[in-house]
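All remarks here apply to the structure that follows.
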Ligand SMILES: Nc1ncnc2c1ncn2[C@@H]1O[C@H](COP(=O)(O)OP(=O)(O)OP(=O)(O)O)[C@@H](O)[C@H]1O
Ligand SMILES: [Mg+2]
């Protein structure tokens, strides 16, 4: 879907150069040399952006402007004024023009302006397209763990009461943004903007003008009035990410919006009322920030109306396989590597034993990398990052007493590419195996030995010298063990 632009100007040269430049950027352009023809067309077909000259042979752009806005309030009008004619420009802006271009202008200037309009002013058709894309991309919060089921219920509740302020808490990469988008798209605000702002990424003063906009002349660079994100999000949702990093003066301003639903543009004197739902998110310890005085308590209580906590992935390990499979499916399509059908069982075990400090995002990245690197039909340990071997739940194979801590979740048998394997049961996983009826001391010790050697070989990527070193065995002794357990491939 491309942006539709109409140029209304009777100077052929201007029509031609603008059309040429805009079409080369991929926009759809129509040109008109008088107001009447343009209006006839506009009523029937509309346009996302209208470049309107003030001096037209049959009318004045300033008179056309209200008519255009009346026909389609969503379309954006840029007036083209004569050099130095500030008065006309100001009148046009007052009558609802989005911006003005003073002749002579450069093509770069025009292109920049169009990009800005598309990015910040949310051309209707583009926005819809964008939202549909977001919706389809972000429509699934995967997971069957109890905490995720509860999370889905909380999202539905938050979506229903679409004025309630929501605070989403969770470690980095747990899915806070995903949850925020879900709340928005399931709510009555779904067809209005979802605007996300990262409080940590922009400095204080810049963020203030981003959020609240500014009046012309409010500061040195403020050559034009600008609407802030609060205004642009009107009717929709403003997602304030990393709220723990908001600086002190902005905290006061935000508090005021939350309390009174109104604010002023930077340098402005009139209040602007907005209907925006605020969802904020943080991975910081806000209680600690309040204690040290870097977060206002009153702001915290205003933000913390409906809290949603997302558990770290290490606390819901039973979802690892399901998530991994979904990411695998996504990336094998993206990278045209549909020959990859699943994970080797060693790879699955490694993935399930890891703690994921970067949570779901880290798992996603691991799978993306593995799909890129894998040359066979199954993702194998060799293409998983080293961390998965290092941090393996404090397994210390040298001291046998530590082995019992190693109790990973069993590989999920639901995928036919994942072989069911009784060996995934880990030594001492169950209590006191010697009380089992079929317990056989010798066989049991043998299976423990075999399992340990297998794990260490997985860890070392099959390197026997390294495995022998880890096990504290000579290479000869290891070879003997491998033979004994039928694992000697030589
Ligand atoms: N339950 C889930 N199901 C599917 N994908 C998920 C899930 N949770 C997170 N993801 C994916 O993990 C990645 C990280 O999620 P997101 O950006 O929402 O995390 P975050 O908590 O906002 O992270 P940060 O604190 O670093 O900003 C995204 O690609 C997201 O789609
Ligand atoms: Mg985030």
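The values are calculated or read from the model by the stated rules, or taken from the named source; none is laboratory data. A quick note: this is a predicted structure, and the numbers were derived from the prediction, not measured. Using ideal geometry, Cβ is built from the backbone for each residue, glycine included, and neighbour counts are taken over all protein chains shown.
Within segment 251-270, track down each residue that is part of a helix (DSSP H, G or I) and either within 16 Å of ligand 1 (Cβ to nearest atom) or more than 17 Å from residue 206 (Cα to Cα) (or both).
Going residue by residue through segment 251-270, those that are part of a helix (DSSP H, G or I) are 251-260.
Correct list: 255, 256, 257, 258, 259, 260.
Taking segment 325-343 as the range and being more than 11 Å from ligand 1 (Cβ to nearest atom) and either outside any loop (DSSP other than H, G, I, E, B) or surrounded by 20 or more Cβ atoms within 10 Å (Cβ to Cβ) (or both) as the test, the residues that pass are 325, 328, 329, 331, 332, 333, 334, 340, 342, 343. What do you reckon, is residue 307 closer than 30 Å to residue 116 by Cα, at pLDDT 90 or above and either within 15 Å of ligand 1 (Cβ to nearest atom) or not assigned by TED's automatic domain parsing to the domain that holds residue 159 (or both)? Taking the combined requirement at face value, the residue does not satisfy it.
Identify all residues within segment 182-198 that are more than 11 Å from ligand 2 (Cβ to nearest atom) and touching a strand residue (DSSP E or B) at 6+ places or on another chain (Cβ under 8 Å); write none if there are none. Let's see the steps before the verdict.
Initial filter on segment 182-198 (more than 11 Å from ligand 2 (Cβ to nearest atom)): 182-195, 197.
Across segment 182-198, the qualifying residues are 183, 184, 185, 187, 189, 192, 193, 194, 195, 197.
Every test in (1) touching a helix residue (DSSP H, G or I) at 6+ places or on another chain (Cβ under 7 Å); (2) more than 23 Å from residue 390 (Cβ to Cβ) is passed by residue 354 save one, and that test is (2). Annotation: of all residues in segment 147-160 being touching a residue at least 40 places away in the same chain (Cβ under 8 Å) and surrounded by fewer than 16 Cβ atoms within 10 Å (Cβ to Cβ), the one that is farthest from ligand 2 (Cβ to nearest atom) is 157.
Residues of segment 205-223 include at least one that is in the same structural domain as residue 142 (by TED's automatic domain parsing) and closer than 30 Å to residue 362 by Cα. Can you confirm whether segment 237-257 contains a residue that is over 19 Å from residue 281 (Cα atoms) and touching a strand residue (DSSP E or B) at 6+ places or on another chain (Cβ under 6 Å)? No; the residues of segment 237-257 include none that is over 19 Å from residue 281 (Cα atoms) and touching a strand residue (DSSP E or B) at 6+ places or on another chain (Cβ under 6 Å). Residues being away from ligand 2 (no atom under 16 Å from the Cβ), in contact with a strand residue (DSSP E or B) (Cβ under 9 Å, 6 or more places away or on another chain) and within 25 Å of residue 244 (Cα to Cα) are represented in segment 165-181 by at least one member.
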